[in-house]
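The values are calculated or read from the model by the stated rules, or taken from the named source; none is laboratory data. What you see is a predicted model; the values in this text were computed from it and never measured. Cβ placement follows ideal geometry from the backbone for every residue including glycine, while neighbour counts extend to all protein chains displayed. When the accessible area is computed, the model is the full protein with side chains, heavy atoms only, and any ligands, DNA or RNA have been set aside. Shrake-Rupley method; radii C 1.70, N 1.55, O 1.52, S 1.80 Å.
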Amino acid sequence: VAVTFFFVLSGFLITWLLLKEKLADPADRISLSRFYKRRIFRIWPLYYLLVILTFFVLRHQPFFQELPAQSAAGSHLAEKRLPGYIFFLPNYTEYRFGAQPFLGQTWSLAVEEFFYLFFPLGLFFIRMKYIVKYLLILAILFMGLSLAMRIPEITAAMPGRLRSILYVFFDKYRVYSFALGGLAAWLLLSGKNYYPKLADLPGRKVLAMLLLILLTGLTLTGLTFSIATQQLYSVLFALFIFSATASGIHFFLLNNPVMLYLGKISYGIYMLHP
């Protein structure tokens, strides 16, 4: 659930930054090259350093050979896993050849990279007034597909390989989470031009606090909602982000210098924590 929250937040932040750039440009365009360059310099160095360390250094250490994942699957599978990690496909690689020790956390990074690769193209080519339709279609389509992949009656007749591929890209990749975050960003930046009543929703600060309490309670109690758990949490968190940012509410704890510093290095912490 926490990673789902992060996907929604990522969709919000990336969409907000790109739409601000699009609104400021007379030609209604964004710089894809600048966007991809920033993402590459931010993510690739540490990711590939970790892949190199895991496959070419740690894998040959005695303690690595004793790990359950190694003894169960056999270290000979590492050669088959390596191409998948080189091309940011750890999820499909894990389905085919088992998990690679110390790289389990990269599943969510692969989801992020998939989002970065395709999502900005839509924002680049689609005119501003049609962006909301683009985001709604993504959210509804992939939410429906992810739910379908969790219904046994639908997936039972599929070949195993096809079922694995569809599960990875339709359910685990949670495109709908990013799209819902993007909708919150669009509503914050442009909603008042198209849907003024919705964008100027009264009581947004109260709504933000109520959603914060609700989400905290749901998360701490571990409450789930059958096959729609991630979808519902995504919707609630997207509503929280919009209501919190639109109301101008300030959470002092999150603006503490220590928290800000931890936020800046959180990618490194996440990648290296195993």
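Among 5-18, 240-253, sorting by the average number of other beta carbon atoms lying within 10 angstrom of each residue, highest first, gives 5-18, 240-253. Of the solvent-accessible surface of the chain, computed with a 1.4 Å probe over protein heavy atoms with every protein chain present, carbon and sulfur atoms account for 71 percent.
In debye to the nearest 20, how big a dipole does the chain give about its Cα centre with +1 on each Lys and Arg Cβ and -1 on each Asp and Glu Cβ?
On the way: 25 positive and 11 negative charges, 127 e Å.
Computed charge dipole of the chain: roughly 620 debye.
Can you tally the lysine pairs in region 19-176 where the Cα-Cα distance is under 19 Å and the two residues are eight or more apart, or on different chains? Intermediate results must be reported in sequence, preceding the final value.
Details: K20/K37; K20/K129; K20/K133; K22/K37; K22/K129; K22/K133.
For region 19-176, qualifying lysine pairs total 6.
The long axis of helix 106-125 is offset from the longest Cα principal axis of the chain by roughly 40 degrees. Based on Cα contacts under 8 Å between residues 6+ apart, region 78-117 shows a relative contact order of 37 percent. Taking F56, F170, F115 as the candidate residues, the one with maximal mean-square fluctuation in a Gaussian network model of the chain, Cα springs under 10 Å, is F56.
What Kirkwood hydrodynamic radius, in Å, does region 103-162 give when the mean of 1/r is taken over all pairs of distinct Cα atoms and then inverted?
Details: mean 1/r = 0.0710 Å⁻¹.
Taking the inverse mean of 1/r over all distinct Cα pairs, region 103-162 comes out at 14.1 Å.
Using helices alone, what [θ] at 222 nm do you get for the chain, with -39,500 (n - 2.57) per DSSP H run of 4 or more residues, divided over all residues and rounded to the nearest 500?
Working: 16 runs with 201 residues, N = 274.
Mean residue ellipticity at 222 nm (helix-derived): -23000 deg cm²/dmol.
Across all directions, the average flat footprint of the convex hull enclosing the Cα atoms of region 60-159 is 8.9 nm². Selection among L82, L17, V57 by position relative to the dipole of region 1-101 gives L17 as farthest towards the positive end (Cβ unit charges, Cα centre). Counting only alpha carbon atoms, the long axis of helix 2-24 and the longest principal axis of the chain meet at about 50°. Whole-Hz Karplus values for region 224-231 come out as 10, 10, 6, 6, 9, 4, 5, 5 Hz, taken residue by residue from phi with 6.51 cos²θ - 1.76 cosθ + 1.60 and θ = phi - 60°; glycine and proline positions read x.
For the peptides 157-163, 172-178, what is the packing order when you average, over each peptide's residues, the other Cβ atoms within 10 Å and list the highest mean first?
Values: 157-163: 10.7, 172-178: 25.3.
The densest-packed peptide leads the list: 172-178, 157-163.
For region 236-251, the Karplus equation 6.51 cos²θ - 1.76 cosθ + 1.60, evaluated at θ = phi - 60°, returns couplings of 5, 6, 5, 5, 5, 4, 5, 5, 5, 6, 5, 7, x, 5, 10, 9 Hz by residue, with Gly and Pro reported as x.
For L162, what is the net charge nearby, where nearby means another residue's Cβ is under 14 Å from its Cβ and Lys, Arg count +1, Asp, Glu -1? Net charge in that neighbourhood comes out at +2. Residues of region 79-95 with an amide N closer than 20 Å to a point placed 7 Å from the Cα of L117 along the Cα-to-Cβ direction: 80-95.
If you look at the Cα atoms of the chain, you get an Rg and a Dmax of 20.4, 64 Å. Taking all protein chains into account, the per residue accessible area for the chain stands at 54 Å² (1.4 Å probe). Ranked from largest to smallest solvent-accessible area, with a 1.4 Å probe on the protein heavy atoms, D28, D171 come out as D28, D171.
On full extension of the chain, what length is gained from S247 through K205, given 0.36 nm per residue of separation minus the C-alpha to C-alpha distance?
Values: separation 42, 0.36 × 42 = 15.12 nm, distance 0.52 nm.
Fully extending the segment from S247 to K205 adds 14.6 nm.
Of the residues F240, F115, S31, the one whose Cα sits farthest towards the positive end of the charge dipole of the chain is S31 (charges of +1 on Lys and Arg Cβ, -1 on Asp and Glu Cβ, taken about the Cα centre).
Here the label points at L254 and H76, each 7 Å from Cα along the C-beta direction, are separated by 5.1 nm in the simple model.
Rounded to the nearest 20, the size of the Cβ-charge dipole of region 1-160 about its Cα centre is 580 debye, with Lys and Arg at +1 and Asp and Glu at -1. Working from label points 7 Å from Cα in the Cα-to-Cβ sense, the T219 to A156 distance is 3.8 nm.
Nearest 10 degrees is fine. How inclined is helix 204-221 to the longest principal axis of the chain, computing both from alpha carbons? On a 0 to 90 degree scale, this one is about 20. For region 1-125, the pair-distance distribution built from all alpha carbon pairs, in bins 5 Å wide starting at 0, is 2, 9, 18, 18, 15, 12, 10, 7, 5, 3, 1, 1 percent.
The Y270 and M128 beta-carbon pair, evaluated with R₀ = 41 Å, returns a calculated FRET efficiency of approximately 0.75.
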